[in-house]
Each structure stands twice: as structure tokens, then as C-alpha cells.
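Some notes on the structure that comes next.
The values are calculated or read from the model by the stated rules, or taken from the named source; none is laboratory data. These figures come from a predicted structure and were not determined experimentally. With ideal geometry, Cβ positions are generated from the backbone for all residues, glycine too; neighbour counts draw on all protein chains shown. All accessible areas refer to the heavy atoms of the entire protein, side chains included, with ligands and DNA or RNA removed. Shrake-Rupley method; radii C 1.70, N 1.55, O 1.52, S 1.80 Å.
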Amino acid sequence: VARGFSAMESCRRQGRDLRDWMEQALRAWLGAGPMPSLLPGG
């Protein structure tokens, strides 16, 4: 739960869409793309 809130807050602070980030992360986990970064500018 804490990791989810951390990702949510990181996306909020960067003005990024959490759902887009989660979709990219899921695709990376399935082997269909690079893992998205939560670092600013990443």
C-alpha cells in the first residue's frame, strides 16, 4: 500500500497521470516495454 501511495504522490507532484505510469509499468512487467521511471524528468 505504501508503494502505491508513493507512486501516486510522485506522479501528482510531477503532473503525470498515474494510470499512464501504471500501464507502462504493467507493460514492462509483461516484457513489452521499458520500465517507466518515477524520478523527476525520467
Once you wrap a convex hull around the alpha carbon atoms of the chain, what is its projected area averaged over all directions, in nm²? 2.8 nm²
Nearest-10 value in Å² for the accessible area of Leu30, using the 1.4 Å probe: 120 Å²
Expressed as an acute angle from 0 to 90° and rounded to the nearest 10, what is the orientation of the C-alpha long axis of helix 18-29 relative to the principal long axis of the chain? 30 degrees
Got a number for carbon plus sulfur as a percent of the chain's accessible area, 1.4 Å probe? 59 percent
If each residue of separation counts as 0.36 nm, what is the full-extension length gain between Ser37 and Ser10 once their alpha-carbon separation is subtracted? 8.7 nm
To the nearest 20 debye, what is the magnitude of the charge dipole of the chain about its Cα centre, counting +1 on the Cβ of each Lys and Arg and -1 on the Cβ of each Asp and Glu? 80 debye
Rounded tilt (10° steps) of 2-14 against the dominant C-alpha axis of the chain: 70 degrees
Could you do me a favour and compute the accessible area per residue for the chain, 1.4 Å probe, result in Å²? 85 Å²
At 0.36 nm per residue, and after removing the present C-alpha to C-alpha distance, how many nm does the segment from Trp29 to Asp17 gain when stretched out fully? 2.5 nm
